[in-house]
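Here, each number is a calculation from the coordinates, and none is a lab measurement. What you are looking at is a predicted structure, and each value in this text was computed from that prediction instead of being measured. Cβ placement follows ideal geometry from the backbone for every residue including glycine, while neighbour counts extend to all protein chains displayed.
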Amino acid sequence: MHGVGGRTSEQQRLRDLARLRRVRDRIDREYAQPLNVESLARGVSTSAGHLSREFRLAYGESPYSYLMTRRIERAMTLLRRGDLSVTEVCFAVGFSSLGTFSTRFAELVGLPPSAYRREAAGEMAGVPACVTQRVTRPVRNREARSR
């Protein structure tokens, strides 16, 4: 009987992980859409609190933090390209407020978006996009302290 219960709990754990991957994949695909934890939780038939706790256990950050990181990563790419204004980039990656975008960007990157664009324009000239993305990935302050 013990083996059956263990197998059931393992199957449940795998189902839970698959559900969390669906949420993460949705954030990766729809980062520019108006997403919030409540709508993400509804999409996988669970509560926002439960989703947040399980997501943090699985990925080390909340769904909201993961969404903000995806948006800022994409913003960094668009700012390096240089053909959009900071305001256009802000709205293109899903922020509805330039102030919130600038604050989050500075928190994750260490520079305001306009300063980042000026610095990145010269530094990354000629570097392949795949290398640029890896090298410029934003690091949260708490992650930087633990390294």
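Electrostatic tally near Leu14: other residues with Cβ closer than 14 Å to its Cβ, Lys and Arg +1, Asp and Glu -1, net +3. With both labels modelled 7 Å from their Cα along Cα-to-Cβ, the Leu57 to Ser85 distance reads 4.7 nm. Other residues lying with their Cβ under 15 Å from the Cβ of Val86 contribute a combined charge of +4, Lys and Arg counting +1, Asp and Glu -1. Given axes a ≥ b ≥ c from the Cα gyration tensor, I'd like to know whether the stretch 2-64 is rounded (a/c under 1.5), prolate (a/b larger than b/c) or oblate. Judged from the Cα gyration tensor, the stretch 2-64 comes out prolate (a/c at least 1.5, a/b above b/c). About its Cα centre, the stretch 2-64 has a charge dipole of approximately 180 debye under the convention of +1 per Lys or Arg Cβ and -1 per Asp or Glu Cβ, with nothing else charged.
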